[in-house]
Each structure stands twice: as structure tokens, then as C-alpha cells.
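Trainee: Encoded as C-alpha cells, here's the structure I'll be asking about.
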Amino acid sequence: MFGTLGSLLRFLLGFFVIAVGSVVIIAVLLVLLPWRVARIKLCNFYGKTVGRSVAAIAGVSPKVDHRERLDGSMPAIYVSNHTSTLDAFVGIWLCPYGGCGVFKKEVVRVPFFGWLALLSGHLLLDRFNKERAVELLRDTASFVKKNKLGIWIMPEGTRSRDGRLLPFKKGFVHLAIASGFPVVPVVVHGAYKNWEKGTFHFVPMTLDIEVLPPIDTSGWKEETAGQHADEVHDLFVRTLRDDQKPLPSPAP
């Protein structure tokens, strides 16, 4: 009973922090509407404060190996695996200043956080309109290259249901080719254990995060985009612990 009540209190406190932080930042974003880069960097500040606070409220103590590879590689395409709602808050906390996030369009329906995403200047993708999504990715690549910004993206495209790594979509590859930026893998271990899906149950934990060396993308080609996506996916598979590696495909 105490554990359930404690988890509910964590959820309510986290929601309060997100709501208050969002309202304050949204007021400033409205003033900054003509300046997209300024809006992106302001939301990076929000991420550094609110993202870390929400992780702490959820009982998470992050341990980041080679964090210097984040700021030290800007501008870059940062790719991370996705197993929990917590990932969004860990991502906005870790993302370097000038990092442009990629969110699914549906996030705008989420009170406060979604409204902030709508005004942030970060990228909102419609997963069900592939042609429009590709166009937005190309526009974003041009924008970040011109302004020397980075991109934070979770290339699975959706959250894993059991914590195991899903196949990677090729969007981050197209971004890397169009921008010429390196790809920096950010491997998150065990986030799915903290917040049980469909519940308010939080399990305090140490969250291990590994930032791998930047990958040179100067030789990547559009015609081999699938191969490059698979190579980065394989790197995650080799780095993740057994409970998050994809299960072997069943024999035909």
C-alpha cells in the first residue's frame, strides 16, 4: 500500500513540476515566436532543469559514461533507444544546448509538455504521413546545418513494449547524410524497469547510460541507408544487456 501511495505521490509531484515549468517557459516562447533557434535553446534549458528533476522524482539516479562525448561532438545526430516514458525526460536532460528534439505529432495532446513541444521549435513528425515526414526531415537537416544545431532522435519510432530493442527506422540516416553530421549512439540500460507501463508504479534505480564514440557518416549514401541503420542498430545490440537485446526471429 505504501509503495503504491509513494508511486502516486511521485507521479503527482512530477506532473506538478512539468506543469509549472511548462507554463513559465510557454509564456517566454510566445514572445520568441519569430526566433526558432532561441526557442530551441530555451527549451534545452527547460530540459536541463525539468528533465533532471522528473528523473529524480521518479527515483532515478543516472550514471552517464563518457558524457563528454555529448557536448564534445556538437553538432551531431544523437540516437537513443526508447523503452519508457522516462526516456523523454532523460533525453531532454542529456541533450546538449542547441540540440533539436524529434517528437511524434501526437505528443501535442499531452497537457503542458505537449503544448511546450508545439511551441518549442523542435521537430514534430506525423508517423502516418511518410512523404511529409521525409520532407520535414530534409528541411530540418538544412535548418540545423545552417545554424550549427544538433538533433536528438529515438530511431525505433515508438516505445518498446518489453524493453527489447526494436528495428531502427532510417530517418536518422537521412538526417546524417543531409547534414553531414556524425551519429552519436546513446545507449540507455533498463529504463523500462523504472516505470511500469500502464501503471503509476515507480521502481527507484540507478540508470546506466553509455555515450558511444561518434560515428563518421561522411561516406554514407542514400542508396545504402538501410545498411547504415542496421549497422548502428547492431552496435546497440552488442552494447545492451541481455534483457534488452532483440529475441531471435522464430524459425519459418
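Each value in this text was obtained by applying a stated rule to the coordinates, not by laboratory testing. None of these values were measured; they are calculated from a predicted model. Reconstructed Cβ throughout: ideal geometry from the backbone, glycine too, with neighbour counts over all protein chains shown.
Trainee: Among Ser53, Pro185, Leu212, whose Cα projects farthest towards the positive end of the dipole of the chain, with charges put on the beta-carbon of Lys, Arg (+1) and Asp, Glu (-1)?
Mentor: Value computed over the given set: Ser53.
Trainee: So, counting K/R as plus one and D/E as minus one, what does the shell of residues with Cβ under 14 Å around Glu222 add up to? Before the final figure, lay out the partial values.
Mentor: Details: positive: Arg138, Lys170, Lys221; negative: Glu223.
Cβ neighbours under 14 Å give a net charge of +2.
Trainee: While we're on this one: So what's Rg/Rh here for the range 113-252, counting alpha carbon atoms and using the Kirkwood radius for Rh?
Mentor: Ratio of gyration radius to Kirkwood radius for the range 113-252: 0.98.
Trainee: Taking every DSSP beta bridge that has both residues in the range 2-242, what percent is antiparallel when rounded to the nearest 5?
Mentor: Percent antiparallel among DSSP bridges in the range 2-242 is about 25.
Trainee: Can you give the extra length, in nm with one decimal, that the chain gains between Val23 and Arg161 once fully stretched, where that is 0.36 nm per residue apart less the Cα-Cα distance?
Mentor: 46.6 nm
Trainee: Report the antiparallel proportion of the DSSP beta bridges in the range 75-218 as a percent, rounded to a multiple of 5.
Mentor: Here the antiparallel bridges make up roughly 30 percent for the range 75-218.
Trainee: A follow-up question, please. Of the listed pairs Lys130/Lys245; Lys170/Lys221; Lys48/Lys169, which have alpha-carbon separations greater than 23 Å here?
Mentor: Where the Cα-Cα span goes over 23 Å, the pairs concerned are Lys130/Lys245; Lys48/Lys169.
Trainee: Right, next: Could you compute the net charge surrounding Lys63? Neighbours are other residues with a C-beta less than 12 Å from the C-beta of Lys63; K and R count +1, D and E count -1.
Mentor: -2
Trainee: I would also like to ask the following. Can you order the peptides 15-24, 77-86, 118-127 by their average number of other Cβ atoms within 10 Å per residue, highest first? Walk me through the numbers on the way to the answer.
Mentor: Working: 15-24: 15.8, 77-86: 25.1, 118-127: 19.4.
Final packing ranking: 77-86, 118-127, 15-24.
Trainee: Continuing with this model, one more query. Most exposed first by the Cβ proxy, i.e. fewest other Cβ within 10 Å, how do Arg109, Arg36 rank? All intermediate terms of the calculation are to be shown ahead of the outcome.
Mentor: Numbers: Arg109 8, Arg36 16.
Fewest-to-most ranking of Arg109, Arg36: Arg109, Arg36.
Trainee: Moving on to the next point. If R₀ is 30 angstrom, what is the calculated FRET efficiency for the pair Phe45 and Glu106, using the beta carbon separation as r and rounding to 0.05?
Mentor: Once the sixth-power term is evaluated, E becomes 0.75.
Trainee: Could you tally the net charge around Lys130, taking each other residue with its Cβ under 12 Å from the Cβ of Lys130, Lys/Arg +1 and Asp/Glu -1?
Mentor: Summing Lys/Arg as +1 and Asp/Glu as -1 gives +1.
Trainee: Still on this structure, I have one more. Considering only C-alpha atoms, what is the centroid distance from the range 1-37 to the range 164-188, in Å?
Mentor: Cα centres, the range 1-37 to the range 164-188: 28 Å.
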